[in-house]
1. Could you work out, for the range 120-161, what percent of all Cα-Cα pairs fall into each 5 Å distance bin, beginning at 0 Å and stopping at the bin that holds the largest distance?
2. When F33, F134, F50 are ordered from fewest to most other Cβ atoms inside 10 Å of their Cβ, what list results?
3. Starting from the 7 Å offset along Cα-to-Cβ, what nm value, one decimal, do you get for the label separation of D80 and S167?
4. For R129 and A11, calculate 0.36 nm times their separation in residues minus their Cα-Cα distance, and state this gained length in nm to one decimal.
5. Pull out the extension gain between R52 and E18, defined as 0.36 nm times the separation in residues minus the alpha carbon to alpha carbon distance; nm, one decimal.
Amino acid sequence: MATAVELPKVAAVALQLEEIFRTHYASVLRVAFRITGSMADAEDVAQAVFLRLARGDLKDHAIRDTRSYVRRAAVNGALDLLRARSVQAQVPIEEASFPSCSQASPEQAQSSAELRHRLRQALAKLHPRTGEMFALRYVEGLDNPEVARIMQTSQAVVAVTLYRARSRLRKELRAFSASEERLCLEKSTTNSSIT
């Protein structure tokens, strides 16, 4: 049971947590949704982030930059969820306009959804720190210096890590891209022979 001296500390932590929640919940949810593609999963990630704060991170650690802390926690939570579930695609990765032909057909829409799914799978295979850097840079749109600051590393390390991540993702997605290009070519050949 909390003593009379501890009660003001507990109340202060509760107020601090409430303020952090109000200020950052939407961005935590958005980060998690962009990575998982599922609002339900994003809500689970957001809940876990704020629960962790409530259970002790605020009391036990001095968090210097709350915005960076919760964003990074959301990215890690979402990537962990992807790894744990071998997720089935459910949308975003920024409503990507992946391989595009001049006309969007049902086949191309399905192909784009499949590419997002494969990208999520490939992201889940990356080393956790690499996946976190990739998500901060390309999903959240942060620049390299900001990613370096959040990850507490140098810009050079971020640049090299992102280069390697892009190379690995490109390699894993190459087979899919080749089949997508064939689909676009077949579509355009079919359309030109009709006219």
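1. All Cα pairs considered, the percentages come to 5, 27, 37, 20, 9, 2.
2. F50, F33, F134
3. 3.0
4. Details: separation 118, 0.36 × 118 = 42.48 nm, distance 3.49 nm.
Extra length from R129 to A11 when fully extended: 39.0 nm.
5. On the way: separation 34, 0.36 × 34 = 12.24 nm, distance 1.34 nm.
Gain in length upon complete extension: 10.9 nm.
Since every read-out is calculated from the coordinates, none of them should be taken as a lab result. Predicted, not measured: the structure shown is a model, and the values here were computed from it. Don't worry about glycine lacking a Cβ; one is built from the backbone with ideal geometry, like all the others, and counts go over all protein chains shown.
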